[in-house]
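The block underneath contains the structure these notes are about, expressed in structure tokens.
The values are calculated or read from the model by the stated rules, or taken from the named source; none is laboratory data. Worth saying up front: this structure is predicted, and the values here are computed from it rather than measured. Note: ideal-geometry Cβ built from the backbone for every residue, glycine included; neighbour counts use all protein chains shown. These accessible areas exclude ligands, DNA and RNA; they are computed on the full protein's heavy atoms, side chains included. Shrake-Rupley method; radii C 1.70, N 1.55, O 1.52, S 1.80 Å.
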Amino acid sequence: MPFWIEALVAFFLLVGCSFALIGAIGLYRLPDFFTRLHGPTKATTLGVGSMVVASMIFFSSHTDGLSLHELLITLFLFITAPVSAHMLAKSAMQEKVKLVRRTRGRPWES
């Protein structure tokens, strides 16, 4: 395998791992449900998407054709993560989940 493909795969893996780590730290450190929801849906989605792109490049270089399975995984990931986050936020608004005082905005006080 050429060096530039290895470097590209390594780059996408490092970027993906960094985003996944940032998302996990955000899930752990943020104070309430609505702010915790933001970390995994944004950062972790980008992290897993970057790792899947690295997988696509790696397996496309080892086979004759383009590996498209990873594109489908990325498409489903980018569609389902925001939708599930939206549904979780709406259900939390219906249940009037407690917020930390320093959180700006109150979703159910309009």
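Brief remarks on what is shown
- Debye log10 I(q)/I(0) for the range 1-93, one point scatterer per Cα, at q = 0.18 Å⁻¹: -0.81
- Choice from V15, V83, V53 with maximal GNM fluctuation in the chain (Cα, 10 Å cutoff): V83
- The phi torsions of the range 49-63, fed into the Karplus equation with coefficients 6.51, -1.76 and 1.60 and a -60° offset, translate into couplings of x, 5, 5, 5, 5, 4, 5, 5, 5, 4, 6, 5, 6, 8, 10 Hz, rounded to whole numbers, with Gly and Pro shown as x.
- With a cut-off of 20 Å on the backbone N, the residues of the range 49-70 near the modelled label site 7 Å out from A85 along Cα-Cβ are 49-53.
- For the chain, the carbon plus sulfur part of the accessible surface works out to 70%, probe radius 1.4 Å.
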